[in-house]
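Readers should treat all values here as calculations from the given coordinates under stated rules, not as data from a laboratory. Everything numeric here is computed off the predicted structure, so don't read it as measured data. As a convention, Cβ positions derive from the backbone with ideal geometry for all residues, glycine included, and neighbour counts pool all protein chains shown.
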Amino acid sequence: MIKNREVSITTWILVAFCIINIFFLVTGKLGFDAKGLGIITAVAFTLAMYSFLYKDNPVFKIAENLFVGVAMGYWIIITWFNILKPDVFETLIVPFFNDTGNAPQYIVIIPTLLGIFMLLRFSTKLSWLSRWSFAFVVGLGAGITIPNFIHAFILKQLSFDLLITSNILDNINTFLILLGVVSVLIYFFFSMEHKGVIGGVSKIGVWYLMIAFGASFGFTVMARMSLLIGRIQFLVRDWLGLIQ
Amino acid sequence: MNFFKRTIPLIIAFVMGVLMAFQYYVPHEASQSLLKIVTRWGITIAGFAVFIGVYSLFHLHWNKIKRKLPGWGYSIFVFFGAGITVAFGLYNGGEFFWNDKQQGTMFDWMYFNVQVPAGATMFSILAFFMASAAYRTFRARTSEATILLVAAVIVMLGRVPVGTLLWESLPPIADWIMSVPNMAAKRGILIGVSIGAIATSLKIIFGIERAYLGGGD
Amino acid sequence: MDRLLGIDRRIIFIFVAAAITIPLIIRFELPVPATKDVKGIYDKINSLPDDSHILISFDYDPASKEELQPMAIALLHHCFRKNVKVIGMTLNPGGSGLADKAITEAGEEYNKKYKEDYVFLGYKTGVELVMINMGENIYSAFPNDFNGNPTADLPVLKGVQSLHDFDYVIDLASGSSIEAWIAFAKEKYKFDLGAGCTAVISPDMYPFLQSDQLNGLMSGLKGAAEYETLINRKSSAVAGMSPQSAVHVLVVLFILFGNTLYFLSGRKK
């Protein structure tokens, strides 16, 4: 019974969607071209996604899986045109077979081999070769992280020297910031039971964290609502033409 | 064989880590050339790494189809979506993939009319669920939860134009929350996380952290 | 009371949809004064002489488009009005199409020439590796632009060898790229950095504002609306501020109402 009702709801929505779009196409509000048909496709995907709000349904699942596939396809092609083609194909492979006026850059063989080794992760016999590539990337990442993080995120963040001013309110804020940073760090780093002085300071740290989490919650609500506003703007402006 | 499978990767990670960490403090031309070369190589390797993600996704959905797991039919659409996009991308508006990327092709059309609206909408759905959560579960149960709730309400109202109309002190209070207590807590977290990242980096360099080697011998 | 607490979530959804749609259709404008952080970016661009070089990294994808694309467009309009050279790039594969569209459309509106006044370098993966490589030599990181043109021949990049040569760098981010730009690029190669980000990650950016590692920050759609107001080109972000206000008031009312019921029901749920 419920299933019948849902099939009928879906059918009516589809019929309404078709009628509206045919009306727009006939009246010339949407052109019968790549742009007009693009808007209709985009609206179809937008509404299919929102159908999840009623309940999980096949239309949503089809749209979701198509989206995942298209996004993956886009990623592959963009990686080809932006990385593999200019960095490997045109510097190493094309000059090797054709006279392009540039000699092949044989040095590119090393990262290319390491890149191919990385893909051997899925091979049963040769997966150990992928360790060389991962070791290169992970070692490189670890090496650059240490000095850069020490400088940018620790030393720079701990310099309070510029904050002492003649304004008493500013100085109170500076004290509150110092108290917050120290208490949060103590809360995180003392793994012993939080008792006595440590416990008191940790408690202050928790209050600071709660304020920060509250602020983050507020900003997250703001962000999600902004995304929704954007999509509704698209529907009422670009499709329905209700606003300019 | 163990030497190739285990020792060489550990040596590579150690050498790369130590070289790159010290390189930062050596402003010599040779040191800068080394940095330029290895980061360039890193970019190329990372380009190949994309296919690890591609394989994982396709493998997951292929298994779903092969084993006829619940909802396997939907997985076909992943392959269909990816197949058609890759085909349009390779066709490249008739210029094919070995030439430069063309503008305004069907590949771009798929991006702007499928990926962009679907991606943007997918994450906007959360707006509804956040509102629902705010009504159902956001409760002042303890003093900590009350602090969180009050901060959230002030920030939510103080950061939108209507905040000024409700009470003109709301935006300055919201700004103070952001730039004093929030900032202090986030700085504490940042320093803590950075120390953690540095410790992990050291563990990788000295071969204590070996998760990147994966399983097996 | 229990019925009110256990209300069907779809009724809440209808309230949310109405709180956004009604203010969008019945337009009413609310003042959007610029905050100090947004003005930091605006003032910096205003202070640049003609033909300065600005690098904009479009590090977001369609999932954050509704927050960051209006920001990017407002920023590009300001840059082109100021006659500065705009160099775009992305570290997010899903962002390349959006970035290309934003730069091209804004550039064409001001009759700017591709390759001479602006360029989109495209996408590179490896985040911090790309930044460091650009810090050493931008032509090494990006030998070609998004359309395959060799970057070494581009007039728009004349005078630029590395990140240090940019007069200003702006990162528009939906992930952790701002932190990476600070740690691996700004501090090492010394340039002014501003940022725009989704509201979700904005609270995490305040330590960098206070330490002057960022000279300005645009947060979410509100940040974009402030920028649109500053450049006097009110568009979708400003139009989004009335529904944003309405829906925030609604969420606060939900919280207050839910808590009132919670306390009246003896803290049962």
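Things to note:
- Size descriptor, Kirkwood hydrodynamic radius, that averages inverse alpha-carbon separations across chain B, Å: 24.2
- Volume per residue of the convex hull around the Cα atoms, evaluated for region A:121-218, comes out as 186 Å³.
- Across all Cα pairs in region B:138-210, the calculated P(r) in 5 Å bins from zero up to the longest distance comes to 4, 14, 14, 14, 14, 11, 7, 7, 7, 4, 2, 1 percent per bin.
- Maximal additional length on extending the B:PHE129-B:GLU144 stretch stands at 3.1 nm, based on 0.36 nm per residue less the C-alpha distance.
- Per residue, the convex hull spanned by the alpha carbons of region C:46-188 comes to 96 Å³.
- The residues C:ASP145, C:ASP100, when put in order of fewest to most other Cβ atoms within 10 Å, stand as C:ASP100, C:ASP145.
- Kirkwood Rh in Å, taken over the protein assembly as shown so that all alpha-carbon pairs contribute: 27.5
- Working from label points 7 Å from Cα in the Cα-to-Cβ sense, the B:GLN103 to B:PHE22 distance is 4.9 nm.
- For region A:1-85, a/c is not less than 1.5, where a ≥ b ≥ c are the root eigenvalues of the C-alpha gyration tensor, and a/b does not top b/c. That puts it in the oblate class.
- Relative contact order of chain B, taken over Cα pairs closer than 8 Å and 6 or more residues apart, is 23 percent.
- Extension gain (nm, one decimal) between A:LEU176 and A:THR27, 0.36 nm per residue minus Cα-Cα: 47.3 nm
- Taking every C-alpha pair closer than 8 Å and separated by at least 6 residues, the mean separation divided by the residue count of chain A gives a relative contact order of 9 percent.
- Across the options B:ALA87, A:ASN65, A:LEU25, the greatest Cα extent toward the positive end of the charge dipole of the protein assembly as shown (unit charges at beta carbon of Lys, Arg, Asp, Glu) belongs to A:ASN65.
- Long-range tail of P(r) for region B:1-52 (Cα pairs > 15 Å, %): 61
- Low-density loop cleavage sites - trypsin sites (Lys or Arg not before Pro) in region A:83-180, where at most 10 other Cβ are within 10 Å (DSSP): A:LYS125
- Considering only alpha-carbon pairs that sit under 8 angstrom and 6 or more positions apart, the relative contact order computed for region A:81-125 is 28 percent.
- Descending semi-axes in Å of region A:79-119, equivalent ellipsoid built from Cα gyration tensor: 19, 12, 7
- With helices as the sole contributors, the protein assembly as shown gives -20000 deg cm²/dmol at 222 nm; each DSSP H run of n ≥ 4 counts as -39500 (n - 2.57), and the sum is divided by every residue.
- Calculated FRET efficiency for the pair B:PHE4/C:ASP165, C-beta based, R₀ 45 Å, to 0.05: 0.55
- Measuring between alpha carbons in the structure, the pairs from A:LYS61/B:LYS66; A:LYS61/C:LYS222; A:LYS85/C:LYS190; C:LYS113/C:LYS188; C:LYS158/C:LYS186 lying more than 24 angstrom apart are A:LYS61/C:LYS222; A:LYS85/C:LYS190; C:LYS113/C:LYS188.
- Space enclosed by the convex hull of the alpha-carbon atoms of region C:31-77, per residue, Å³: 102
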